[in-house]
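The values are calculated or read from the model by the stated rules, or taken from the named source; none is laboratory data. Treat the numbers as computed from the prediction; the structure is a model and nothing was measured. Glycine gets a Cβ as well: all are built from the backbone with ideal geometry, and neighbour counts include every protein chain shown.
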Amino acid sequence: MASSKTLLITGVSSGFGRALAQEALAVGQKVVGTVRTAQAKREFESLSANAAWGRVLDVTAFDAIDSVVAEIEASVGPIDVLVNNAGYGHEGIMEESPLSELRRQFDVNVFGAVAMMKAVLPFMRERRRGHILNITSMGGYITMPGIAYYCGSKFALEGISEALGKEVKPFGIAVTAVAPGSFRTDWAGRSMTRTARSISDYDDIFNPVRQARVEKSGRQLGDPAKAARAMLDAIAAEHPPEHLLLGSDALALVRDKLSALSAEIDAWEAITVSTDG
């Protein structure tokens, strides 16, 4: 990857955002990172005196995003790569979880990402080059009880990424949906919002899933630094992937899902085609 690339990464205070920023800076890239406090901005900029710039921005402040991106373009330079990393996990049985939690989950994970894409696209389109990476999740392919809102937001971002990629490919802009499995980030810890339990009927299906997640938190197989290097490889690729799974767990679970889906399609094929004509 050319040393002149400038990456705009949302949510660089921790997790994949921080790991990607550090790995990018280590190989000579410039990184503009969004954070939510002035203190976090100072901490991020201390990573590099001349290649790390922080911007205080909440991705749900939709009306502020265009002006922040325009200011970055004017003061730092052309944004070559947008990485939509800002996001969080919501845990809760759907029947128990208020609609307000669904709205918040989509505001951050979907609407915020889309607003960022809409802000950078005019600049990338004018230059006829650019790359957008959307950090989704294996939860954008597979599901499990207790994270319906989260999976819904990641399925949505996967679909938007794929469709956008078709729209902007003629302009030399690539879109890659990066779907990590379980990594040693704050996703299952500090970054997760949990709706209180209230219906005991769901205990048997939900409690083992929550227990497994709590026990695994901090000991996940995935290394965020290695994920960051994989993302840099995708950014450097002449023909970047539309979809990139990260982690052996994501690979196995998604392959199982696709296999089961294929089998179900085959099983119901006669009914499926019976509706023609």
### Query
Just checking, which of Gly222, Gly247, Gly181 is of a type outside the set (Ser, Thr, Tyr), surrounded by 12 or more Cβ atoms within 10 Å (Cβ to Cβ) and touching a Phe, Trp or Tyr at 6+ places or on another chain (Cβ under 6 Å)?
Gly222
### Query
Which condition breaks for Thr185 when tested against (1) assigned to a loop (DSSP other than H, G, I, E, B); (2) farther than 21 Å from Asn134 by Cβ?
(2)
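Which residues, counting only those in the stretch 229-241, are out of contact with any helix residue (DSSP H, G or I) (no Cβ under 9 Å at 6 or more places or on another chain) and either surrounded by 14 or more Cβ atoms within 10 Å (Cβ to Cβ) or assigned to a helix (DSSP H, G or I) (or both)?
First, pick out the residues of the stretch 229-241 that are out of contact with any helix residue (DSSP H, G or I) (no Cβ under 9 Å at 6 or more places or on another chain): 230, 233-234, 236-239.
Once the filter is applied, which keeps residues that are out of contact with any helix residue (DSSP H, G or I) (no Cβ under 9 Å at 6 or more places or on another chain) and either surrounded by 14 or more Cβ atoms within 10 Å (Cβ to Cβ) or assigned to a helix (DSSP H, G or I) (or both), the stretch 229-241 yields Ala230, Asp233, Ala234, Ala236, Ala237.
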### Task
Just name the residue that is surrounded by the fewest Cβ atoms within 10 Å (Cβ to Cβ) out of those in the stretch 76-94 that are closer than 15 Å to Ser4 by Cα and not aliphatic (A, V, I, L, M).
Gly77
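Would you point out which residue out of Lys257, Lys226 is free of Cβ contacts under 8 Å to residues at least 60 places away in the same chain and either under 30 Å from Gln22 (Cα atoms) or in a helix (DSSP H, G or I) (or both)? Working first, answer last.
Details: Lys257 fails: free of Cβ contacts under 8 Å to residues at least 60 places away in the same chain.
On inspection, the qualifying residue turns out to be Lys226.
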### Query
For the stretch 28-77, which residues satisfy the criterion of being of a type outside the set (Gly, Ala, Ser) and more than 22 Å from the chain's Cα centre (by Cα)?
Gln39, Arg42, Glu43, Glu45, Leu47, Asn50, Glu71, Glu73, Val76
### Query
Is there any pair with a first residue in the stretch 58-80 that is outside any helix (DSSP H, G or I) and aliphatic (A, V, I, L, M) and a second that is at pLDDT 95 or above and surrounded by 15 or more Cβ atoms within 10 Å (Cβ to Cβ) whose Cβ atoms are under 6 Å apart and which are 6 or more apart or on different chains, and what are they?
Val59/Thr10; Val59/Ala86; Val59/Gly112; Val76/Val32; Val76/Trp53; Ile79/Thr6; Ile79/Leu8; Ile79/Val120
### the stretch 1-47 - residue that is in contact (Cβ under 8 Å) with a residue 12 or more places away in the chain, among the hydrophobic types (A, V, I, L, M, F, W, C) and part of a loop (DSSP other than H, G, I, E, B) and, of those, nearest to Asn84 (Cα to Cα)
Val12
### Filter result for Gly247 (touching a Leu at 6+ places or on another chain (Cβ under 9 Å), at pLDDT below 95 and closer than 26 Å to Ala177 by Cβ)
no
### Query
Given the residues Ser97, Ser67, Ser13, Ser48, which is the only one that is exposed (fewer than 15 other Cβ atoms within 10 Å of the Cβ) and farther than 19 Å from Thr176 by Cα?
Ser67
### Query
What residue, among those in the stretch 188-211 that are under 21 Å from Ile135 (Cβ atoms) and of a type in the set (S, T, N, Q), is modelled with the lowest pLDDT?
Ser191
### Query
For residues in the stretch 23-40 being out of contact with any helix residue (DSSP H, G or I) (no Cβ under 6 Å at 6 or more places or on another chain) and closer than 14 Å to Leu8 by Cα, which is surrounded by the fewest Cβ atoms within 10 Å (Cβ to Cβ)?
Leu25
### Query
Where residues in the stretch 134-178 are crowded, with 20+ Cβ neighbours inside 10 Å and among the hydroxyl-bearing types (Ser, Thr, Tyr), which of them is farthest from Pro240 (Cα to Cα)?
Tyr149
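With respect to Ala61, is the statement that it is over 30 Å from Val214 (Cα atoms), modelled with pLDDT of 95 or more and either basic (Lys, Arg) or surrounded by fewer than 15 Cβ atoms within 10 Å (Cβ to Cβ) (or both) true? Reasoning before the result, please.
Numbers: over 30 Å from Val214 (Cα atoms): yes; modelled with pLDDT of 95 or more: yes; either basic (Lys, Arg) or surrounded by fewer than 15 Cβ atoms within 10 Å (Cβ to Cβ) (or both): yes.
Against the criterion (over 30 Å from Val214 (Cα atoms), modelled with pLDDT of 95 or more and either basic (Lys, Arg) or surrounded by fewer than 15 Cβ atoms within 10 Å (Cβ to Cβ) (or both)), Ala61 qualifies.
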